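All remarks here apply to the structure that follows.
The values are calculated or read from the model by the stated rules, or taken from the named source; none is laboratory data. Just so we're clear, the structure is a prediction, and the values are computed from it rather than from any experiment. Positions of Cβ are backbone-derived with ideal geometry, glycine not excepted, and every protein chain shown enters the neighbour counts.
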Amino acid sequence: MPQQITCAELLELSKEHQGATLLDVRTQTEWDQDGKPNGQELGLNTSFLSYLIDTDNGRVVNDKFDETLEGFKIDKNKVVFVMCKSGMRSSKVAQILDQRGYKTYNVVNGFICSEDVEPSCWKTSGLPVL
């Protein structure tokens, strides 16, 4: 079961897990509007893969998600930190990865935070942004 962590905890864990993966599963639109986390500055291999994609009929699961994820060749011997905008999509992806044998952490407040949580997301925590 994926462990739920804050960005402050991610910062501490990244020191213990150099070379781990940070996987941002937001949409292309979100990356374009809000920016991307720069996990490299924390010693993390950073990948960007939309779990959901925007369509004319709303958001749907990315049918290329599994194929693209496999292409990343993420090391199962290292942890994977999963994040999205506020922690909901990343929770789902962290569960999927956990079921596939990865040691996963879900970043609960994500990159931006939702309005109903105490701000402790990537951007408000002052973590590096591309």
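Would you confirm whether any residue within region 111-130 is without any contact (Cβ under 8 Å) to a residue 40 or more places away in the chain, within 16 Å of the chain's Cα centre (by Cα) and at positive phi? Among the residues of region 111-130, at least one is without any contact (Cβ under 8 Å) to a residue 40 or more places away in the chain, within 16 Å of the chain's Cα centre (by Cα) and at positive phi, which makes the answer yes. Within region 83-106, restricting attention to residues that are without any contact (Cβ under 8 Å) to a residue 60 or more places away in the chain and hydroxyl-bearing (Ser, Thr, Tyr), which residue is nearest to residue 6 (Cα to Cα)? Only one residue tops the list, namely 86.
Applying the criterion of being part of a loop (DSSP other than H, G, I, E, B) and buried (at least 20 other Cβ atoms within 10 Å of the Cβ) to the residues of region 90-111, the residue that is modelled with the highest pLDDT is 102. With the structure loaded, tell me whether residue 64 is under 13 Å from the mean Cα position of the chain (by Cα) and more than 19 Å from residue 98 (Cβ to Cβ) or whether it fails that test. In short, no. Among the residues of region 36-53, count how many are small (Gly, Ala, Ser) and surrounded by fewer than 15 Cβ atoms within 10 Å (Cβ to Cβ). Selection size over region 36-53: 1.
Here is the figure for region 17-29: residues that are touching a residue at least 60 places away in the same chain (Cβ under 8 Å) and either within 13 Å of the chain's Cα centre (by Cα) or more than 13 Å from residue 80 (Cα to Cα) (or both) total 7. The set of residues in region 54-88 that are modelled with pLDDT of 95 or more, surrounded by fewer than 19 Cβ atoms within 10 Å (Cβ to Cβ) and either part of a strand (DSSP E or B) or among the hydroxyl-bearing types (Ser, Thr, Tyr) (or both) comprises 60, 61, 68. One residue stands out in region 1-16 among those that are acidic (Asp, Glu) and more than 15 Å from residue 87 (Cα to Cα): the one that is surrounded by the fewest Cβ atoms within 10 Å (Cβ to Cβ), namely 16. Taken over region 17-31, the criterion of being farther than 14 Å from residue 110 by Cβ and either crowded, with 17+ Cβ neighbours inside 10 Å or modelled with pLDDT of 95 or more (or both) is satisfied by 17, 20, 21.
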